[in-house]
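Colleague: Below is the structure I would like to discuss, written out as structure tokens.
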Amino acid sequence: MDKKYEIIKGFIQDQIRSGKIKAGGKLPSIREISNQFACSKNTAIRAYDELEKDHLIYSVPKSGYFAVLRSSTINHQPSGLIDFSSASPDPDVMPYEDFQHCLNRAIELYQDQLFSYSDPQGFFSLRMELEKHLARSQVFAKPEQICVVSGSQQALHLLTVMPFPNGKSTILVEQPTYYGMLRTINLLGVTAIGIRRTKDGIDLEELERHFRSNHIKFFYTVPRYHNPLGTSYNQEQKKQIARLAEKYDVYIVEDDYLADLEINPKADPIYSYDLSAHTIYVKSFSKVMLPGLRLAAAVLPRSLMETFRLFKASCDLSSPVLSQAALEIYLNCGMFYRHTAYMRERYRIRMEALRNACNHLLPPEIDVNVSEGGIFAQIILPDQIPAMDLTTALKQQNVLMMPTDLCFLQTFPKDNGIRISIIHTNEAQIESGIRLIGKATEKHLLHQKTPQTTSVIDWV
Ligand SMILES: Cc1ncc(COP(=O)(O)O)c(C=O)c1O
């Protein structure tokens, strides 16, 4: 039989969940509860104490108890929707409870720092933890070379805007590339040129021509599980990029946003081949942890650190202290590694489902290459099926996708491609979604073969 205080707890939880008691709303008093449940005041107090420990309610001396928030505030997707477009982490695989422990511990342990501004470069103790963490991916750097930033997006922004010791000004980007970087470049009015990247990588001779002749400040690259292509450079390509950077005094900004999802233990970053301190290594914590923490690490050559630190401080003084403290505890107690192993496997299974579905359910006219790990794959459509049209048509069937034209510089020839993300889909949804894409394209290709009288899209 349930104990009385558990019945009271359940009752209050139901009231909060159903919205009868709203966030900030007052709970029945201890006396009212003991009357209602025919129990002692101590039993009512015990129930409220436990609800307080669960962070569902809080108490105000001499005023009573209040609800923190309704327990169901997460927006779940409408049923039937297949979301291949989202790149933010899947709430179902995120470590909320683990992280809640870390945040609570962080508040206790770092009380003093919470009341002051901290070092713009980040907590020294976190940077020491990051030194060990980064070494696991062959990024060997002392805490003095590491700067904690408010998401890798901030590092990209600061690097784009700040001067570099090579005195050059043009940014070279892969085409396609991460849309957020292109937006930053556009907003800041910086000159950028593109180099085509395909599933096989880039043309290294063309890269050398750019490095030699085009006043390149840095080459922005996403070597691992590229966004939006989903593919990775091989080790030889990474070595050559590091070699050319040294030869022509060009910096490499290596965006390793998915380092923790790597399934090939030998896939070392460009940074590990850099013998001339020309690589800036940027590692996000958004894709395997909570993106709302806004935390990433940037590893910089010593010659860049002072300027970067000044620009960082001028931007936000420092990254949120509470997030930093929680990440330090999360890394230090090993929760991070257990969690990433779990996520890696979950996403690997989804990528396998995507590969199988693409192999069996898409017509041969569609070109697709699905990596073993990561979260993205790009499908390239035949010219007669514009990516935007297919995206609109599939949206009407509840399948969301992202055309990749946004990932190109305005002046660069665009692929007719679509990015598929598996972050918010399970294996069954992946199969259904790819089946729908396959059917829509087949139907359209069939129409193309028979003479048409109108150009209206009727293949939805
Ligand atoms: C390639 C790439 N780099 C950087 C970012 C930004 O990550 P953060 O949340 O660390 O700012 C993203 C976000 O999706 C991304 O895809």
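Colleague: Considering only residues of region 12-51 that are more than 24 Å from P61 (Cβ to Cβ) and within 38 Å of the chain's Cα centre (by Cα), which is least open to solvent (accessible area, probe 1.4 Å)?
Modeller: Ranking the candidates gives G19 first.
Colleague: I'd like to check something: does region 329-352 contain any residue that is outside any helix (DSSP H, G or I) and surrounded by 16 or more Cβ atoms within 10 Å (Cβ to Cβ)?
Modeller: No: region 329-352 contains no residue that is outside any helix (DSSP H, G or I) and surrounded by 16 or more Cβ atoms within 10 Å (Cβ to Cβ).
Colleague: Kindly list the number of the only condition in (1) modelled with pLDDT of 95 or more; (2) in a loop (DSSP other than H, G, I, E, B) that fails for C358.
Modeller: The failed condition is (2).
Colleague: Just need a number here: residues in region 144-160 that are under 19 Å from S284 (Cβ atoms) and either among the aliphatic types (A, V, I, L, M) or more than 13 Å from the ligand (Cβ to nearest atom) (or both). Spell out the reasoning first.
Modeller: Our first condition is that a residue be under 19 Å from S284 (Cβ atoms); within region 144-160, this holds for 145-160.
Still in the running and either among the aliphatic types (A, V, I, L, M) or more than 13 Å from the ligand (Cβ to nearest atom) (or both): 145-149, 155-156, 158-159.
The total comes to 9.
Colleague: From the list A267, A298, exactly one residue is more than 11 Å from the chain's Cα centre (by Cα), crowded, with 24+ Cβ neighbours inside 10 Å and small (G, A, S). Which is it?
Modeller: Selected residue: A298, the only one of A267, A298 that is more than 11 Å from the chain's Cα centre (by Cα), crowded, with 24+ Cβ neighbours inside 10 Å and small (G, A, S).
Colleague: While we're looking at this one, here's another question. Need the failing condition index for K142 against (1) among the charged types (D, E, K, R); (2) over 21 Å from D316 (Cβ atoms); (3) in contact (Cβ under 8 Å) with a residue 12 or more places away in the chain, just the number.
Modeller: It is condition (3) that K142 fails.
Colleague: So, Y225, is that one modelled with pLDDT of 95 or more, touching a strand residue (DSSP E or B) at 6+ places or on another chain (Cβ under 8 Å) and away from the ligand (no atom under 16 Å from the Cβ) or not?
Modeller: In short, no.
Colleague: If you check K238 against the conditions, is it within 16 Å of the ligand (Cβ to nearest atom), crowded, with 23+ Cβ neighbours inside 10 Å and not polar (S, T, N, Q)? Walk me through how you get there before you give the answer.
Modeller: Values: within 16 Å of the ligand (Cβ to nearest atom): no; crowded, with 23+ Cβ neighbours inside 10 Å: yes; not polar (S, T, N, Q): yes.
Criteria not met by K238.
Colleague: Still on this structure: Restricting to region 171-196, count the residues that are open to solvent by less than 20 Å² (accessible area, probe 1.4 Å) and of a type in the set (V, I, T).
Modeller: Matching residues across region 171-196 total 6.
The values are calculated or read from the model by the stated rules, or taken from the named source; none is laboratory data. Everything quoted here is computed from the prediction, not taken from an experiment. Every residue, glycine among them, receives a Cβ derived from its backbone with ideal geometry; neighbour counts consider all protein chains shown. SASA here: full protein model, heavy atoms, side chains in, ligands and nucleic acids out. Shrake-Rupley method; radii C 1.70, N 1.55, O 1.52, S 1.80 Å.
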